[in-house]
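Structure, as structure tokens:
The values are calculated or read from the model by the stated rules, or taken from the named source; none is laboratory data. These figures come from a predicted structure and were not determined experimentally. Counting neighbours? That spans all protein chains shown, and the Cβs are built from the backbone with ideal geometry, glycine included. SASA here: full protein model, heavy atoms, side chains in, ligands and nucleic acids out. Shrake-Rupley method; radii C 1.70, N 1.55, O 1.52, S 1.80 Å.
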Amino acid sequence: MRMRSLMLLTLALATVCLMTTGRAMAEDGPKVFVWTGDVVQNEERLDEPGKLEPLTFVTARNGSFSGKAIIESTGKIVGPKASIGPLKDGDNTLAAESVQIRYAMRWENMASRSVPGGLDVLQLEPPAEVAPQFNKGKRALLPVWVTVRVPKDAKAGTYSGELTVSAEGLEPTKVPVQVEVVDWTLPDPQDYRTWIDLIQSPDTLAMEYDVPLWSDRHWELIASSFEQMANTGNRMLYVPLICRTNFGNEQSMIRWIDKGDGKYEHDFSVLDKYLDVAEKHLGKPKKIVFIAWEICMSENSLKRSIWADSHGGAPTREGREKLLGKGPRVTKVNPANGETELIFLPRYEEEGGTEPWKPLWAGLNKRLKDRGLEKVASLGVLSDLWPSKAEVAALHELSGGLPWASQSHPNALKGAKTSDNKKLHGIAAIDYAAHVYNQVFVVSPEKGRMYGWRQDVLDVNYLRGSSLNMSSNLSVRMLPAINITGGQRGAGRIGGDYWPAIRDKRGRRTSMVTSRYPENNWRNLDIGVYFLAPGPNQVLATSRLESLVEGVQDCEARIYVESVLLDEEQRKKIGPEMAERAQKILDELHRAMWKTAWNNDEDRAKVSTISGGRNAQEGLWHALAKSGKELPGYWTGPARSLRSTEAAQGQKWWFESGWKNRSRQLFTLASEVQKKLDE
């Protein structure tokens, strides 16, 4: 207690000191100063700068946690720099490589409507200058992000150091840094039970950096993409066995070598390398979807998932018309010179249509078995249009009975209790469903609780379109928890490095690689989100990605405690008093989370479990209407304004009510439970 009081006194004295140094400026130049921001707030939307206070972190071992200080100027910010010294707690030190400094910048040259808001791209190097862009050119802002990756073997305690920030017209300003490491260790991301499905796009990287597919430089870029995704716990891969799918791939990852007379051998080198790079930089895959079918192959392709011509649907319709009756497209390679071309194979369901594929599947299944991945493979991808029964039967036989993955509007797994089902034409199982509709959420935990994270079926929330590009960092942080405390295991069909790499004549980013193949557009199910960004030499993280990482880490602490409470023997071991206190803390965290979506406490108290809606706020809206609350029509202006106000007020409350204390409470609870079990 005395140590804690001393620390608070030190912080207070440091704050007084900062107040006198944080606004140093040239007398005849623009005002340049530094202030401390909240890591999940958008500094652009604040009416005035915050105070310059110590930068504080509440962390657990084996996790990644961020904070930020903002450089602001009434003119340009020129020559910004930041550095950080060692973080020490007595004789204990967090090594320099545990702390990373990045600089948050806007996305550049975007003609797309789905541009992420805020200062989102986390650059590794400071810009030479930042022009005033806010308040009609009166404010220039540069957030300096400090991310601490706490080692697994770090000692619990409070580590102190200094962040030094400077720029032209700003004397070096020292910002005290306090990193509290709670005595609990997060599991390795490989072992996370919160499901996050971030999709990697080799073609985006090849186009963005103008490098040949599968060149050495291309593999380096793919590795950097996987490294950025790793801390989310994402362990999902998509391997296209056919060309020009909805995922935007030009080639198939397994190439075909023509031996004449309808005979082929297969080149697995790209697949082998992709799996090697993924395992090294991402982790061992938990799910691999082999894309073997697409909408353009369906006999019903002109009846579904096409926008009206007046809304740009003509290229999709025309592309599908040209492909009616044709089979899968694959990449043929000439092993003598490496040249590739696209070829058509017979349709799967035609007589003899599976014969060319049998050697490929034999080689593929052997590779999966050799790597210990045979149980994580699925076929894909089902959308709102499904393959015919005959196509499913052919692929079921070819693949050795693999299940399918679905990414659609309705929940293809609705009603399924296990992954051992025959949901697809009574032939094949569906073991993964990312869906837009039929989401299930729990608003009031005291009225009933759910544990989506422990269900057998892999049922996840798909927030379609570009909503996650423009969501607040706080909303992104809450996304995993709102799902795993409901009926879903997490969130899926999220673009990783799918940023718009196609540019117009003016150099503006206009569209994603997926737009190259309109015959396989899925209309409003197309991938519209990207959580990574292009850097000069490698793939970069965004502020939204770091928010997602911290949200997943919160989930893993919750899941650890809940797994103990749900285990009869472990619950007995921690005792009824601790169990009751633990549940109370988790319920308080649950209510605080939902307040960020809807501020009105009385409204939320009326609702228990929501079944329906595409997201938490929409589901709650319809539940409130059903409970008798008078609300305007959902799509009207007043309704949109009300939803925006409720979320803004709830998020403001979340910031001001001490969210870091709640994080401390959660990690401390996990520590206490673990220590009790270890007695």
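Note on the range 273-297: among residues that are among the charged types (D, E, K, R) and part of a loop (DSSP other than H, G, I, E, B), the one that is surrounded by the most Cβ atoms within 10 Å (Cβ to Cβ) is Glu294. Selection within the range 369-387: residues that are touching a helix residue (DSSP H, G or I) at 6+ places or on another chain (Cβ under 9 Å) and free of Cβ contacts under 8 Å to residues at least 24 places away in the same chain. The member of this set that is nearest to Leu398 (Cα to Cα) is Glu374. If you check Arg102, Arg106 for being at pLDDT below 95 and basic (Lys, Arg), only one passes: Arg106.
Here is a yes/no grid of residues against (1) of a type in the set (Lys, Arg); (2) assigned to a loop (DSSP other than H, G, I, E, B); (3) closer than 22 Å to Val529 by Cα:
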{"position": "Leu213", "(1), (2), (3)": "no, yes, no"}
{"position": "Ser224", "(1), (2), (3)": "no, no, yes"}
{"position": "Asn234", "(1), (2), (3)": "no, yes, yes"}
{"position": "Arg244", "(1), (2), (3)": "yes, yes, yes"}
{"position": "Asn249", "(1), (2), (3)": "no, yes, yes"}
{"position": "Asp258", "(1), (2), (3)": "no, no, no"}
{"position": "Leu271", "(1), (2), (3)": "no, no, no"}
{"position": "Glu299", "(1), (2), (3)": "no, yes, no"}
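Can you give me the number of residues within the range 592-623 that are among the aliphatic types (A, V, I, L, M), under 23 Å from Ser657 (Cβ atoms) and open to solvent by less than 30 Å² (accessible area, probe 1.4 Å)? Residues meeting the conditions: 6. Residue count for the range 641-679, restricted to those that are acidic (Asp, Glu) and open to solvent by 70 Å² or more (accessible area, probe 1.4 Å): 3. So Arg255 ticks every box in (1) free of Cβ contacts under 8 Å to residues at least 40 places away in the same chain; (2) surrounded by 21 or more Cβ atoms within 10 Å (Cβ to Cβ); (3) charged (D, E, K, R) but one. Which box is left unticked? All conditions pass for Arg255, except number (1). Among the conditions (1) in a strand (DSSP E or B); (2) in contact with a Leu (Cβ under 6 Å, 6 or more places away or on another chain); (3) over 19 Å from Gln133 (Cβ atoms); (4) of a type outside the set (Ser, Thr, Tyr), Val40 misses just one, which is (1).
Applying the criterion of being charged (D, E, K, R), surrounded by fewer than 19 Cβ atoms within 10 Å (Cβ to Cβ) and under 18 Å from Thr542 (Cβ atoms) to the residues of the range 42-58, the residue that is modelled with the lowest pLDDT is Arg45. Scanning the range 398-432 for residues that are surrounded by fewer than 15 Cβ atoms within 10 Å (Cβ to Cβ) and not basic (Lys, Arg) yields Gly400, Gly401, Pro410, Gly415, Thr418, Asp420, Gly426. Within the range 449-461, residues that are closer than 7 Å to Arg489 by Cα and outside any loop (DSSP other than H, G, I, E, B) sit with their Cβ atoms under 6 Å from residues that are among the small types (Gly, Ala, Ser) and open to solvent by less than 20 Å² (accessible area, probe 1.4 Å), at 6+ positions apart or across chains, in these pairs: Gly452/Gly486; Gly452/Gly487; Asp459/Ala433; Val460/Ala434; Val460/Gly490; Val460/Ala491; Val460/Gly492. Restricting attention to the range 625-640, does a residue exist that is of a type in the set (Gly, Ala, Ser), crowded, with 17+ Cβ neighbours inside 10 Å and either closer than 19 Å to Arg477 by Cα or over 23 Å from the mean Cα position of the chain (by Cα) (or both)? Within the range 625-640, none of the residues are of a type in the set (Gly, Ala, Ser), crowded, with 17+ Cβ neighbours inside 10 Å and either closer than 19 Å to Arg477 by Cα or over 23 Å from the mean Cα position of the chain (by Cα) (or both). Of all the numbered requirements in (1) outside any strand (DSSP E or B); (2) under 27 Å from Gln228 (Cβ atoms); (3) not charged (D, E, K, R), Pro132 misses one, and that requirement is (2).
In this structure, does Pro187 turn out to be of a type outside the set (Lys, Arg) and either closer than 30 Å to Leu458 by Cα or modelled with pLDDT of 95 or more (or both)?
Answer is yes for this residue.
Given the conditions (1) of a type in the set (Val, Ile, Thr); (2) in contact with an Asp or Glu (Cβ under 7 Å, 6 or more places away or on another chain); (3) farther than 27 Å from Asn246 by Cβ, report the number of the one that Val513 does not fulfil. Going through (1) of a type in the set (Val, Ile, Thr); (2) in contact with an Asp or Glu (Cβ under 7 Å, 6 or more places away or on another chain); (3) farther than 27 Å from Asn246 by Cβ one by one, Val513 breaks only (3).
Okay, residues lined up against (1) under 24 Å from Gly262 (Cβ atoms); (2) in contact with a strand residue (DSSP E or B) (Cβ under 9 Å, 6 or more places away or on another chain):
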{"position": "Gly312", "(1), (2)": "no, no"}
{"position": "Thr316", "(1), (2)": "no, no"}
{"position": "Lys322", "(1), (2)": "yes, no"}
{"position": "Arg329", "(1), (2)": "yes, yes"}
{"position": "Thr354", "(1), (2)": "yes, no"}
{"position": "Gly380", "(1), (2)": "no, yes"}
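Conditions (1) out of contact with any Phe, Trp or Tyr (no Cβ under 8 Å at 6 or more places or on another chain); (2) more than 30 Å from Leu46 (Cα to Cα), marked per residue:
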| position | (1), (2) |
| --- | --- |
| Tyr462 | yes, yes |
| Ile484 | no, yes |
| Gly496 | no, no |
| Thr514 | no, yes |
| Val529 | no, no |
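Ser467 fulfils the conditions (1) open to solvent by less than 40 Å² (accessible area, probe 1.4 Å); (2) closer than 30 Å to Lys68 by Cα except for a single criterion, (1). Condition check: of a type in the set (Val, Ile, Thr) and within 16 Å of Glu341 (Cα to Cα). Does Ile222 satisfy that? When the stated conditions are applied, Ile222 does not pass them.
Yes/no matrix, rows are residues, columns are (1) open to solvent by 10 Å² or more (accessible area, probe 1.4 Å); (2) in a loop (DSSP other than H, G, I, E, B); (3) closer than 19 Å to Cys243 by Cβ:
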position	(1), (2), (3)
Ile343	yes, no, yes
Tyr348	no, yes, yes
Trp357	no, no, yes
Leu364	no, no, yes
Ser378	no, no, no
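When Arg304 is tested against (1) open to solvent by less than 10 Å² (accessible area, probe 1.4 Å); (2) charged (D, E, K, R); (3) at pLDDT below 95, just one condition goes unmet, and that condition is (1).
Kindly indicate whether any position in the range 559-576 is touching a Pro at 6+ places or on another chain (Cβ under 8 Å), among the basic types (Lys, Arg) and in a helix (DSSP H, G or I). Within the range 559-576 (the criterion being touching a Pro at 6+ places or on another chain (Cβ under 8 Å), among the basic types (Lys, Arg) and in a helix (DSSP H, G or I)), the answer is no, since none of the residues qualifies. Within the range 537-561, can you find the residues that are over 20 Å from Thr194 (Cα atoms), touching a residue at least 40 places away in the same chain (Cβ under 8 Å) and open to solvent by 10 Å² or more (accessible area, probe 1.4 Å)? Gln538 - this is the single residue of the range 537-561 that is over 20 Å from Thr194 (Cα atoms), touching a residue at least 40 places away in the same chain (Cβ under 8 Å) and open to solvent by 10 Å² or more (accessible area, probe 1.4 Å).
All of Arg317, Arg304 fail the test of being over 25 Å from Arg371 (Cβ atoms) and either in a loop (DSSP other than H, G, I, E, B) or of a type in the set (Gly, Ala, Ser) (or both), apart from Arg304. Among the residues of the range 487-517, those that are assigned to a strand (DSSP E or B), β-branched (Val, Ile, Thr) and either under 16 Å from Ala206 (Cβ atoms) or open to solvent by less than 10 Å² (accessible area, probe 1.4 Å) (or both) comprise Ile494, Ile502.
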